[in-house]
Amino acid sequence: MSKKYVFSMWVYNDIREFTPDEMQIWVDCGMNFPLAPKTYVGRDDPEILIPWLDKAQELGIKLIANYEELSYCDYRKLGEEGYKARLRPLVEKLGNHPALHGFYIGDEPGTPEDLEACYGCIKAQKEVAPNLTPFLNCAGSMSHFGKETLGGRTLGEFLKRVKDETGSDEVCFDVYDQMINDGGGKTMFFDQVNKFVEASKFAGCDCWGCLLSSGGHVYKAVSEADIRWQVHMAAALGLRGVLWFRFYDRDFAIGSYGSPVDEFGNKTEAYYGMLRVQRRFQNHYGDLFMRLNHKKTYSVRLDRGIFPMFGEGEHGLIKNITADDETIASFFEDEKGTEYLVLVNSEWRHYGAVRVFFDASKCRLKNVTMNGADEGGFEDGPADGRQEIVLHPAGIAVIKIEKK
């Protein structure tokens, strides 16, 4: 498990387009677990990645090696032993480098055969390199796959099989509906994230969400508020990391646009918005969320049929929560059993007030920032047990529930 909240991104560029110094702009933007540019087993000597890994170590980040010929599709062609034979030379040269997190194994498996090959890939990689973590990105629609596609298992049971039989304990999935132009995809976003988070909790895995940083098709180019909404919602709903699609625009793929870096190498407004959101989040919450365990999420004000509405009797200390706008309210717990309430304003256009009613005879609320170093900001136990918090568009508040 990472000690900081994970920020990563897809890099579809060939490794020969850059030097390792390119990683500085990734780190400046707040990335700490990026995918390396594309490399090829049949073309590139494994040592091509060593300067990249050395630079990553210098910058204090981890890299996910992005080899095209190590996917689950290759596993189906090569079989287990052929796949291991392809992997071993890479592991011999790179596997003990402290900056290598693992090897990419593919994107959006969608059939029973694909998923069984993914399992085989992960198992083979963990047998050859038990110290590394394979990286697979699933489709968000996998949250609705039936047992016939998942080998007779639920999603949680499928992930648990992978965890128990291979030791691999991370999963990532993409979900872009939240960035549909008219904003109508929020419900689908909440549904898919909720299903993956609950399945991951059942399996004992960390779950990352691949979110959207490029416009195209029905999806809008992102603003800073869009990026803030996605990051804050990801954390509040129980995701342990964010992988962005994508970081660079390509001159031959003009149907997708508005990425943090355009096809001419210029940093766009999305880059600076992402930089502010990610670095600000790490400064205040990045360590904290990795120490907290997600318990349950509620809706406030608007019922989308995904999370239960918070009301009286839902919690022993928090009597009620009301809000001006749609708000997500999640409860977390640290290793000592201390509870935290996380609030996110689901409106990205304007401010909204949230009112938390609590039993002031049994607890006090503390506004937590700076990863727990600052627990001020609220009066100490208001006599009426009512605390109002104003959240900016897509804003977040982390509230410690301290028992008396």
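The values are calculated or read from the model by the stated rules, or taken from the named source; none is laboratory data. Because the structure is a prediction, the values reported are computed rather than measured. Cβ placement follows ideal geometry from the backbone for every residue including glycine, while neighbour counts extend to all protein chains displayed. Accessible surface is based on the protein model in full, side chains and every heavy atom, while ligands, DNA and RNA are left aside. Shrake-Rupley method; radii C 1.70, N 1.55, O 1.52, S 1.80 Å.
Below are the figures for this structure:
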read-out: Among the candidates 190, 252, residue that is over 20 Å from residue 135 (Cα atoms) and open to solvent by less than 10 Å² (accessible area, probe 1.4 Å); value: 190
read-out: Top-ranked residue of region 331-375 - restricted to ones that are among the small types (Gly, Ala, Ser) and open to solvent by 30 Å² or more (accessible area, probe 1.4 Å), ranked as farthest from residue 319 (Cα to Cα); value: 373
read-out: Among residues of region 73-96, those that are open to solvent by less than 10 Å² (accessible area, probe 1.4 Å) and assigned to a helix (DSSP H, G or I), counted; value: 4
read-out: Neighbours by Cβ (under 8 Å, 6+ apart or cross-chain): first from region 325-348, more than 22 Å from residue 404 (Cβ to Cβ); second open to solvent by 30 Å² or more (accessible area, probe 1.4 Å) and hydrophobic (A, V, I, L, M, F, W, C); value: 326/302; 346/302
read-out: Test result for residue 113, touching a strand residue (DSSP E or B) at 6+ places or on another chain (Cβ under 9 Å), within 18 Å of residue 70 (Cβ to Cβ), at pLDDT 95 or above and open to solvent by 10 Å² or more (accessible area, probe 1.4 Å); value: no
read-out: Residue 253 vs. criteria hydrophobic (A, V, I, L, M, F, W, C) and touching a residue at least 12 places away in the same chain (Cβ under 8 Å); value: no
read-out: Criterion (exposed (fewer than 15 other Cβ atoms within 10 Å of the Cβ), modelled with pLDDT under 95 and part of a loop (DSSP other than H, G, I, E, B)) met by exactly one of 305, 311; value: 311
read-out: Selection count, region 236-275, where residues are assigned to a helix (DSSP H, G or I) and farther than 14 Å from residue 213 by Cα; value: 1
read-out: Close pairs (7 angstrom Cβ cut-off, 6 or more residues apart or separate chains): more than 17 Å from residue 13 (Cα to Cα) in region 38-62, aromatic (Phe, Trp, Tyr) anywhere; value: 61/33; 62/33
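Each row is one residue, and each column tells you yes or no for (1) crowded, with 16+ Cβ neighbours inside 10 Å; (2) out of contact with any Cys (no Cβ under 9 Å at 6 or more places or on another chain); (3) at pLDDT 95 or above; (4) not polar (S, T, N, Q).
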residue: 9; (1), (2), (3), (4): yes, no, yes, yes
residue: 17; (1), (2), (3), (4): no, yes, yes, yes
residue: 26; (1), (2), (3), (4): yes, yes, yes, yes
residue: 31; (1), (2), (3), (4): yes, yes, yes, yes
residue: 40; (1), (2), (3), (4): no, yes, yes, yes
residue: 54; (1), (2), (3), (4): no, yes, yes, yes
residue: 62; (1), (2), (3), (4): yes, yes, yes, yes
residue: 66; (1), (2), (3), (4): yes, yes, yes, no
residue: 71; (1), (2), (3), (4): yes, no, yes, no
